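Q: Got a structure here, written out as structure tokens. Questions coming.
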Amino acid sequence: MKTKWDEQKPLLEDVREVLSEAVESYFEAGEEAFRRKIPWKELHQFRLASKRFRYTLELFREFYGRTLDAHLKELKKIQTYLGDINDLIATRALLKGHAEFKKELRREAREQMKHLRKHWKDDFSAEGRKEAWLATIAGPKLSSGRRTR
């Protein structure tokens, strides 16, 4: 996600547009990642994109308050799955020999991937979920004493 800010726009409009684009891009990347069974190397890129997406949203938490917190919690669950899978794959790569243990790690990583795909499809990106994210992002507010341009 490459953010492009427009210094000529009012701050709230700029935040809304940039974050809306980020939401669209993230859901598109997730759909692509989970539509087909891509190799971990490619899915790892989605893991990194998930981190960047969450960190970007957290920068603007004060503009959204509690409405954004529920979405961030959902995003953290995706990150947890991706992180757990990464740990299993990294551990497996470190081992020389130990074929049975490596086989178990691969099985566990596949099982976690299965759960992650199901969670993405049934929960995170279920019908209306992206629209709920976009509705949240559409309403940033500045409270008194907060940043302005």
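Q: Looking at the chain, identify the longest residue range that excludes and avoids all GluC sites (Glu not before Pro) in DSSP loops having at most 13 other Cβ atoms within 10 Å.
A: Maximal segment without exposed cleavage sites: 8-126.
Q: Something else now. For a footprinting-style exposure proxy, rank TRP5, TRP40, TRP133, TRP120 by other Cβ within 10 Å, fewest first. Don't skip to the answer; put the middle values down first.
A: Working: TRP5 11, TRP40 16, TRP133 24, TRP120 20.
Listing TRP5, TRP40, TRP133, TRP120 from fewest to most nearby Cβ atoms yields TRP5, TRP40, TRP120, TRP133.
Q: Another question, if that's okay. Using helices alone, I'd like the mean residue ellipticity at 222 nm for the chain: each DSSP H run of four-plus residues gives -39500 (n - 2.57), total over residue count, nearest 500.
A: About -24500 deg cm²/dmol.
Q: Further question on the same structure: Give me a comma-separated list of calculated 3J(HN,Hα) values for segment 122-138, in order, Karplus coefficients 6.51, -1.76, 1.60 applied at θ = phi - 60°, integers in Hz, x for any Gly or Pro.
A: Per-residue couplings from phi come out as 7, 10, 4, 10, 4, 3, x, 5, 4, 4, 5, 4, 5, 5, 5, 5, 5 Hz.
Q: Under a Cβ-only charge scheme (Lys and Arg +1, Asp and Glu -1), can you give me the dipole magnitude of segment 11-137 about the Cα centre, in debye to the nearest 20?
A: 900 debye
Q: I've got another one for you. Given the pairs LYS9/LYS130; LYS9/LYS77; LYS4/LYS37; LYS4/LYS41, which are separated by over 29 angstrom at their Cα positions?
A: Over 29 Å Cα-Cα: LYS9/LYS77; LYS4/LYS37.
Q: While we're looking at this one, here's another question. Among VAL23, ALA135, ASN86, pick out the residue whose Cα is farthest towards the positive end of the charge dipole of the chain, where Lys and Arg carry +1 and Asp and Glu carry -1 on C-beta, about the Cα centre.
A: Of VAL23, ALA135, ASN86, it is ASN86.
Q: State the label only: which of [x] 19.8; [y] 15.9; [z] 17.0 corresponds to Kirkwood radius over Cα pairs in Å computed from the shown model?
A: Read-out from the structure maps to [z].
Q: Here is a follow-up. Please tell me the relative contact order of segment 18-143 in percent, rounded to the nearest whole number, where contacts are Cα pairs under 8 Å and at least six residues apart.
A: Working: 77 pairs, mean separation 46.3, N = 126.
Rounded, it is 37 percent for segment 18-143.
Q: A follow-up question, please. Determine, from the Cβ-Cβ distance of GLU58 and ILE38 and an R0 of 22 Å, the FRET efficiency 1/(1 + (r/R0)^6), rounded to the nearest 0.05.
A: Working: r = 27 Å, r/R0 = 1.22.
Efficiency for this residue pair is about 0.25.
Q: For LYS51 and LYS102, compute 0.36 nm times the residue count separating them, minus their Cα-Cα distance, and round to one decimal in nm.
A: 15.6 nm
The numbers here are math on the coordinates, done by the rules we state, and not lab data. As the structure is a prediction and not an experimental result, all values here were calculated from the model. We place every Cβ from the backbone using ideal geometry, glycine too, and count neighbours over all the protein chains shown.
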